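The values are calculated or read from the model by the stated rules, or taken from the named source; none is laboratory data. Predicted model only: the values in this text are computed from it and were never measured. Please note: Cβ atoms are built from the backbone with ideal geometry, for glycine as well, and neighbour counts cover all protein chains shown.
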Amino acid sequence: MTDKPPVLDFATDFDHTDPEWVSDPYTIWEDLRQRCPVAHTDRYGGAWFPATHAGVSAIAKDTVNFTSRDVIVHEGRPTEEDLPSPIGVAPPITSDPPFHKVARRLILPAFSPAVVNALEPQIRALCATLLDDIIFEGVVNASMDYARLIPPSVIRQMLGFPEEDTEMFIKAVHLITENVDRPQEERIELFEPVEAYFTRQIEDHQENPRDDLTTFLLNAEIGGEKLALEHVFGTMILILVAGIDTTWSAIGAALWHLARNPEDLARLVNEPELMPVAVEEFLRYYAPVTMARLVNADMEYLGCPMKEYDWILLGFPAANRDPTVFKDADKFIIDRAENRHVAFGLGIHRCVGSNLARMELQVALEEFIKRYPRFELANEDNVTWAQGQIRGPRNLPLRILR
Ligand code: HEM
């Protein structure tokens, strides 16, 4: 982590990597909603943070004034060279219309309900094996030894990468999503081995095609032309990044909640049919994903003097806590009847992997509570949360109760 001046006022100088924001962003967002719905900072070269559902929704749906050419706030700015328009480094998430639609349509079938449902038995078996492997001494690190290991195994298999490389993926994802406050040159250097690994995988798939998403992308065509290799590479990186930390964080946050709220845990144990509804409330209340946009040109927007290339930190998790949209927004209601949360985003970039994410979250929780129907936090002080745009517990010691 770099030495940064402390934040004095989150309305005028926010930093989403500040320890206070990392440990409890909700209090900050509530305060912002009341006195300044769009916060600003000069950090990261200039950024805005709308804290209301209306602000997040307006920007997420506005692909004219805002671009997705880069979706992770950091010190640098994209150039035409490293972000070939209209593809962007990681299509479709970094693509703008009209190319976005083409890039998105290409990968949708890989995440259809039928494909996802077929994966369920194997994810359930994986969860059971992970639970068998946890060395049980009364305390389990449910983030590192359980939640963390479920999503990479699915993504690895989808992309057709060797099993022994799973740890490598996890490190790669961290590099992209968590080291956002490091200097740009350092981030590029850290990324080099990941780039080399993906290039080797692409070459291997070119020589030995097989039934997986990497081979599919290599054979796919747009307008009768094979995809540019940068497109294949970028989509592979996107699926890796989008599919791992996100779901890991969602599973971890749900277990964290259940460890601190025994009445909710007991309800899930005694009323298993509640799980799909509970999953939606976990997603609303602990939404793990915040994405970014860049401002296309100087303008006044939501009453703010935005400048070209200012970042927008698009807080879907903050929108989910807006009391003007959700009744008792700051309360976790395990059987919340109406729940139109935006954990998976809004507008054209809405999550492609939502079926998969929901299924992984549900199965991971079901298997965990089947094995351990009673647990609590072993040490609240030892719980740590990820820094950056994906939020979830990274160290989660749970004491299993008998
Ligand atoms: C709980 C887990 C997850 C959450 C909360 C989540 C959330 C999101 C959000 C908020 C967006 C919109 C980004 C934006 O507007 O810029 C998004 C996009 C996306 N997600 Fe997820 N995601 C999750 C899991 C997954 C999984 C498992 C995959 C698949 C491997 C996935 C693949 C994608 C892709 C490909 C996009 C880009 C879609 C586009 O640009 O059209 N996500 N996700």
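The set of residues in the range 202-212 being part of a helix (DSSP H, G or I) and out of contact with any Gly (no Cβ under 8 Å at 6 or more places or on another chain) consists of 202, 203, 204, 206, 207.
Residue count for the range 335-385, restricted to those that are over 30 Å from residue 62 (Cβ atoms), surrounded by 17 or more Cβ atoms within 10 Å (Cβ to Cβ) and β-branched (Val, Ile, Thr): 3.
Need the failing condition index for residue 334 against (1) part of a helix (DSSP H, G or I); (2) touching a residue at least 12 places away in the same chain (Cβ under 8 Å), just the number. Result: residue 334 fails condition (1) only. Only one of these conditions is not met by residue 343: (1) more than 16 Å from residue 49 (Cα to Cα); (2) more than 16 Å from the ligand (Cβ to nearest atom); (3) not polar (S, T, N, Q). Which number is it? Just one mismatch for residue 343, condition (2). Contact map, the range 218-242: first residue within 27 Å of residue 391 (Cα to Cα), second residue among the β-branched types (Val, Ile, Thr) and surrounded by fewer than 20 Cβ atoms within 10 Å (Cβ to Cβ), Cβ cut-off under 7 Å, separation 6 or more or different chains; pairs are 233/202; 235/107. If we scan the range 93-111, do we find a residue that is modelled with pLDDT of 90 or more, away from the ligand (no atom under 14 Å from the Cβ) and exposed (fewer than 15 other Cβ atoms within 10 Å of the Cβ)? Within the range 93-111 (the criterion being modelled with pLDDT of 90 or more, away from the ligand (no atom under 14 Å from the Cβ) and exposed (fewer than 15 other Cβ atoms within 10 Å of the Cβ)), the answer is no, since none of the residues qualifies. Answer with yes or no whether residue 215 is touching an Asp or Glu at 6+ places or on another chain (Cβ under 7 Å) and of a type outside the set (A, V, I, L, M). In short, no. Restricted to the range 240-329, the set of helices (runs of 4 or more DSSP H) holding at least 3 residues that are within 15 Å of the ligand (Cβ to nearest atom) and surrounded by fewer than 23 Cβ atoms within 10 Å (Cβ to Cβ) comprises 275-285. Looking at 15, 3, 62, just one residue is surrounded by fewer than 20 Cβ atoms within 10 Å (Cβ to Cβ) and closer than 23 Å to residue 191 by Cβ, and that residue is 3. Among the residues of the range 125-175, those that are assigned to a loop (DSSP other than H, G, I, E, B) and in contact with a Pro (Cβ under 9 Å, 6 or more places away or on another chain) comprise 142, 143. Could you go through the range 37-55 and let me know if any residue there is assigned to a loop (DSSP other than H, G, I, E, B), surrounded by 14 or more Cβ atoms within 10 Å (Cβ to Cβ) and at pLDDT below 95. Yes: one or more hits. Residue check: residue 116 meets all listed conditions (1) of a type outside the set (D, E, K, R); (2) farther than 14 Å from residue 354 by Cα; (3) assigned to a helix (DSSP H, G or I); (4) within 11 Å of the ligand (Cβ to nearest atom) but one, namely (2). Entry remark, the range 352-369: residues being within 16 Å of the ligand (Cβ to nearest atom), closer than 23 Å to residue 143 by Cα and either part of a loop (DSSP other than H, G, I, E, B) or aliphatic (A, V, I, L, M) (or both) number 8 in total.
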